[in-house]
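Here is the structure we will look at.
A short reminder: the numbers here are calculations on the coordinates, not readings from a lab. This structure is a prediction, so every number in the text was calculated from the model and none was measured. Don't worry about glycine lacking a Cβ; one is built from the backbone with ideal geometry, like all the others, and counts go over all protein chains shown.
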Amino acid sequence: MMRTYVVGGAVRDALLGLPVKDHDHVVVGATPDEMIAKGFRPVGKDFPVFLHPKTQEEYALARTERKTAPGYKGFVFHTSADVTLEEDLVRRDLTINAIARADDGTLTDPYGGQRDIEQRVFRHVSDAFAEDPVRILRLARFAARFSDFTVASETNALMKQMVAQGEVDALVPERVWQELSRGLMEAKPSRMLEVLRDCGALARILPEVDVLFGVPQPEKWHPEIDTGVHVLQVIDCSARLERELPVRFACMMHDLGKGVTPSDKWPSHHGHEDLGVKLVENVCKRLRVPTECRDLAVMTAREHGNVGRGLQLRANTIVKLLERCDAFRKPVRFVQMLQATECDARGRIGPSGSYADAPFPQMAVLETALAAARGVNAGEIAQACAGQPQRIPERVHAARVSAVKLALKLVDDDQSPE
């Protein structure tokens with residue numbers, strides 16, 4: 001007899017008192033032909049998944065699986081009308097995701113998911129967890145969403161074993177980026193990096209970030225001192241301010257240069273901005289990061305120090321910054337860089353102080369400068385330079401400098417600090 005159950009996140013979130021967005025269903029005691037006869041539309045490629053004829057929600061036949069190759073694609077799935085609900089649930093990643101709810105509301109929880117929800121613990125259902133390295137990324141992402149949960153010691157030990165056996169190295173870049181980007185958009189993305197670091201996966205996936213932990217910074221400006229801790233605080237600040245994904249990714253990437261500055265330049269890390277550019281480019285190439293996120297991250301790594309000094313810059317230097325950042329053609333991206341740098345400035349919390357609620361007037365100043373410089377009519381200047389086209393860039397630049405000086409009420413450049 002065919003029976004259907006709601007499984008996974010919908011059951012978990014309902015038990016946590018959270019809004020339920022999507023419902024996944026598992027079907028026990030049915031065959032593909034029986035599903036089709038009832039009007040379900042097959043859509044699964046690797047195993048039978050069907051869309052409900054009215055709700056369009058997914059219904060998957062109960063299945064078992066067998067590991068056949070490294071990585072997350074090396075599986076053979078078996079579906080049959082005699083596969084039990086418990087056999088289907090045991091293949092799932094975490095106990096909190098291995099609870100099923102029948103149509104009458106009855107819960108089937110053979111692996112202690114309700115207990116772990118009450119105790120706020122991430123625990124793997126079975127040793128089958130070790131067969132799919134994506135589950136490490138998923139658990140880390142869940143940690144960013146459910147930040148009050150901890151990882152069971154036996155689960156962390158299993159993840160360490162998976163890392164040591166090279167399972168994480170078999171992950172394809174697109175899947176790594178998918179999980180990282182989703183984790184960055186959760187309420188506390190720092191937890192994702194902490195979980196990955198605790199099991200050793202961060203050193204394999206993002207070694208450029210992993211190496212930042214233990215690298216000191218000047219306590220006068222960085223009460224948290226540790227660069228890795230600073231990065232965690234910066235990305236959490238971006239989440240707190242509800243910034244978009246490109247900004248959050250730029251926050252995670254902004255200080256990579258500090259991981260390669262010579263130790264004789266510690267703790268100041270002079271020149272780390274330029275050093276970080278190539279590292280950010282390498283990460284983006286390796287993980288196939290979307291262009292929008294890559295370009296903002298590169299720009300933020302290169303310019304966040306200049307933006308931080310925005311209140312001391314001359315008008316001429318500000319215009320050069322705008323030109324270098326292509327801010328006249330892409331003003332939104334420039335503002336996103338300001339947002340990432342604001343998070344950098346405010347993500348500094350330690351025993352000796354906190355910048356979490358510190359003002360960031362540089363944003364308003366540079367936004368004002370951008371608006372003033374964009375108000376310059378380059379077309380009119382070009383017409384005025386008829387016969388001397390080589391002078392157009394110089395004249396446009398000079399007009400923008402004058403506009404910025406006027407808007408910001410700056411003194412003559414010769415008397416202003418760089």
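Put simply, the Cα atoms of the chain extend 85, 50, 38 Å along their principal axes, the longest span coming first. Applying 0.36 nm per residue to the separation of ARG309 and ASP357 and subtracting their alpha-carbon distance, the gain on full extension is 15.4 nm. Taking 28 Å as the cut-off for C-alpha to C-alpha distance, list the pairs among LYS21/LYS285; LYS278/LYS409; LYS330/LYS405; LYS258/LYS285; LYS330/LYS409 that go past it. From the list (LYS21/LYS285; LYS278/LYS409; LYS330/LYS405; LYS258/LYS285; LYS330/LYS409), the Cα-Cα distance tops 28 Å for LYS21/LYS285; LYS278/LYS409. Taking the Cβ-Cβ separation of ASP82 and GLU281 as r and a Förster radius of 56 Å, what is the calculated FRET efficiency to the nearest 0.05? The pair ASP82/GLU281 has a calculated efficiency of 0.60. Just MET35, MET299, MET159 to compare: in a GNM of the chain, with alpha carbon springs under 10 Å, which one fluctuates most? Comparing MET35, MET299, MET159 in the GNM, the peak value goes to MET35. Taking 0.36 nm per residue of sequence separation and removing the Cα-Cα distance, the ALA386/LEU406 pair yields an extension gain of 4.5 nm.
Estimate the FRET efficiency between ALA378 and MET1 by the formula 1/(1 + (r/R0)^6), using the beta-carbon distance for r and 56 Å for R0, to the nearest 0.05. The computed FRET efficiency comes out at 0.15. Measure nothing fancy, just the Cα-based angle from helix 272-287's long axis to the longest principal axis of the chain, in degrees from 0 to 90, nearest 10. With both axes taken from Cα atoms, the answer is about 30 degrees. Taking a ≥ b ≥ c as the square roots of the eigenvalues of the Cα gyration tensor, segment 283-407 is oblate, since a/c reaches 1.5 or more and a/b is not larger than b/c. Angle of helix 315-324 to the longest C-alpha principal axis of the chain, folded into 0 to 90 degrees and rounded to 10: 40°. Placing R0 at 51 angstrom, the Cβ-Cβ distance between GLU219 and ARG395 gives a FRET efficiency of 0.60 after rounding to 0.05.
Straight-distance candidates among the aspartates and glutamates for linking to LYS220, with alpha-carbon spacing under 20 Å and chain neighbours fewer than 8 residues away dropped: ASP255, ASP264, GLU273, GLU342, ASP344, ASP357.
For a 4.7 Å threshold on C-beta separation, the list of partnerless cysteines in the chain reads CYS199, CYS251, CYS284, CYS293, CYS325, CYS385.
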